[in-house]
Each structure stands twice: as structure tokens, then as C-alpha cells.
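Notes for the one structure printed next.
The values are calculated or read from the model by the stated rules, or taken from the named source; none is laboratory data. All of these numbers come straight from a predicted model, not from anything done at the bench. We place every Cβ from the backbone using ideal geometry, glycine too, and count neighbours over all the protein chains shown. Keep in mind that these areas ignore ligands, DNA and RNA; they rest on the heavy atoms of the full protein, side chains included. Shrake-Rupley method; radii C 1.70, N 1.55, O 1.52, S 1.80 Å.
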Amino acid sequence: MAQDLTDIAEAAGHLAQARRILVIGCSGGGKTTLARWLSTRFDLPFISMDREFFWLPGWNSRPRAEQRAMIAAKVDQPRWIMDGTNPSSFDLRMPRTEVVLWVRMPRLLCLWGAVRRWLKWRGQARPEMADGCPERLSLEFVRYIWTFERKFAPIVEAGLHEHAVPVLQIRSRAQMRQLLDLLSARP
């Protein structure tokens, strides 16, 4: 059963000691920015699931068996921070994860984040995406973001509840800033 972390200071303590951190959430919410910051702050290898496991050039999906083998090999490493939600691989990732950050921003903020990212990177692949996968914004992707809480969050919650891993849900930019401030102040 997942252990909900409700106190930001307590969560900061978990993060400061963790060697394997999972950052999940809806696209556009800021999970990659947060994961990259934590990677730098705690000198943890950054793993983008999109870049390293899921996508091949031309937005072609890597075969599922190959994805799972690659995920299993990465999570076996002693230290990492992994950016990516994908509940279908929780069985591989959760037993090795020490703390989960669920970036759970309001959908309008997620949509705005996705649009800003598209404007910045359109026509080129952003650093956390596989080469040959230029940034795009489709109606299907907008629909995914818009319906994330209703359709996908329950699946994420069910997957999290199968594992005894501390989970902090970050629901606002203010909470994220508070967490980052606490972590910045730690020696």
C-alpha cells in the first residue's frame, strides 16, 4: 500500500536521502523540469522514459518486450531519477523506487505547459525526447491531458496502492516551489 506523504518537509527529507526517485504526472505539468532539477541537485542519473525506452525516430513506438527489458535493466542500477508515468511498468519500477513525486497540476496548467513546450520546441526534438521525434501538439494529445484526471489518474492510483512506496502529490506551483526551497536549503 502506498504511503501518502502530506508534509512537504517530511517529503524533502525522504528525497534528500533517496537514491531512486520516480517522478510521474500528466504531460505539461512540470515533471521533467522537476526531475532534471532533482537530478542536478542530488547528482542522480536522469532517465527519461520517453527518450530511453518508448520512442524510436519518427514517433515509432519501441516494441513492448524490448521496452520492459530496458526498463528492468535501468531500474536495477543503484541510483537514478526516472521521469515518466506509464503505470504498466510499475511492477518493474516500484519495487526499486524509494519515493514517488506525483506532479498533479490542474489540467489548464498542464495544457498551458504543453502549448508553451510546443511553441519552444516545435519542429525539433526536445532533450528528453528521442532523436527524430520533433515536438508536436495534436488533438489526441490535448484530449489526453484534458481527460488525464478522469481516465488515467485512477489507473495510476491503483498502481501506486499496490506498492509500499512513499508518494508526495504536488498539486500547485506553490507546493513545488516550497519543496524546491526546502531542498535547496539542505546541505
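For this structure, a couple of remarks:
- Total residues in the stretch 54-83, condition assigned to a helix (DSSP H, G or I), free of Cβ contacts under 8 Å to residues at least 24 places away in the same chain and not small (G, A, S): 5
- The selection criterion, being out of contact with any Asp or Glu (no Cβ under 7 Å at 6 or more places or on another chain) and open to solvent by 20 Å² or more (accessible area, probe 1.4 Å), does not hold for G25.
- Hits in the stretch 41-97 - residues which are among the hydroxyl-bearing types (S, T, Y) and open to solvent by 70 Å² or more (accessible area, probe 1.4 Å): S61
- Filtered residue count, the stretch 4-16, keeping only those that are exposed (fewer than 15 other Cβ atoms within 10 Å of the Cβ), in contact with a strand residue (DSSP E or B) (Cβ under 9 Å, 6 or more places away or on another chain) and not in a loop (DSSP other than H, G, I, E, B): 2
- Hey, L56 under 27 Å from P154 (Cα atoms) and either under 17 Å from the mean Cα position of the chain (by Cα) or among the hydrophobic types (A, V, I, L, M, F, W, C) (or both) or not: no
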